[in-house]
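Remarks on the structure that follows.
Please treat every number below as a calculation from the coordinates, not as lab data. Source: prediction; values computed, not measured. Heads up, the Cβs are rebuilt from the backbone with ideal geometry, glycines too, and the neighbour counts pull from every protein chain shown.
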Amino acid sequence: MELSGIKDAGIIVTGAAQGIGEGVARHLAAGGAQLALIDRQAEEVSALADELGAAGLTADLTDEASVDRAIANAEDTVGGITGLVNIAGVQHLGPLMNQSAKDFDAHFAVNLRGAWLVSRAAARYMTARKGGSIVTVSSNAARVPRIRQGAYCASKAGVSQLMRVLALELGPQGIRVNTVAPGATETPMIRRMMEGMGFDEAMLKGDLNAFRIGVPLGRIAQVQNVADAVAFLLSDQSHHITMHEMVIDGGASLGA
């Protein structure tokens, strides 16, 4: 069944230059959405936007004024914001005892505060129209602790809870807020992690020494799996779903 409510919808995607963000942008573009793609990588997001017939915008999600300018530009470019997908994020691996304060803080500046700044700015336009949908990509790391990913886990747990509160506050305005929580997904980020930490097989089969159970389905997700979930939560087919977190991890978090 083809999803309704995507074609011609004005949708913002942050972190669109690569990985899950790029995959979501391509999926929504194929569905006929009017897209504003935001990323700090100016050349990459501009090239993708040109390819998809979208608007490519550069912003620093840690800077309030930069975010507000980008969202205002997006509002004008797409003819009115009806959807937002928060995907931009960072991950610096390492034991909490050895991690620098700079790397620790970066997780919260981008993953949590950045998602709040973008959502706040976009929701102001949605509120004026009494409707819209916000979908934020969190992580199953928000549910299950991971060795050497402490700051990332904490920031994603914060994102998931932040979006639940936002759903409560924006519900009366007809705005739905949901999250998608992927596990390991085939992206450059996960490849770097697997190569750098040397646990490619352990990621699938588990590692008792790292308190990791593996993936019951025996495979990591593809970007398209996440994009499908995002599109559904933006669409009319999910019009009575809010404050929901859809976990896409092949069972890796055991339903936690």
Quiz item: Just checking, how many residues over segment 47-71 are free of Cβ contacts under 8 Å to residues at least 12 places away in the same chain, more than 16 Å from residue 113 (Cα to Cα) and of a type in the set (A, V, I, L, M)?
Solution: 1
Practice problem: Please specify each residue of segment 142-166 satisfying the condition of being surrounded by fewer than 21 Cβ atoms within 10 Å (Cβ to Cβ) and not in a helix (DSSP H, G or I). | Solution: 144, 145, 146, 147, 148
Exercise. Check every one of the helices (runs of 4 or more DSSP H) wholly within segment 1-117 and list those with 2 or more residues that are more than 27 Å from residue 221 (Cα to Cα) and among the aliphatic types (A, V, I, L, M).
Key: 64-78
Quiz item: So, of the residues in segment 125-178 that are of a type outside the set (S, T, N, Q) and without any contact (Cβ under 8 Å) to a residue 24 or more places away in the chain, which turns out to be nearest to residue 249 (Cα to Cα)?
Solution: 141
Quiz item: Which of (1) at positive phi; (2) of a type outside the set (Asp, Glu); (3) within 19 Å of the chain's Cα centre (by Cα) is the odd one out, the single condition residue 54 does not satisfy?
Solution: (1)
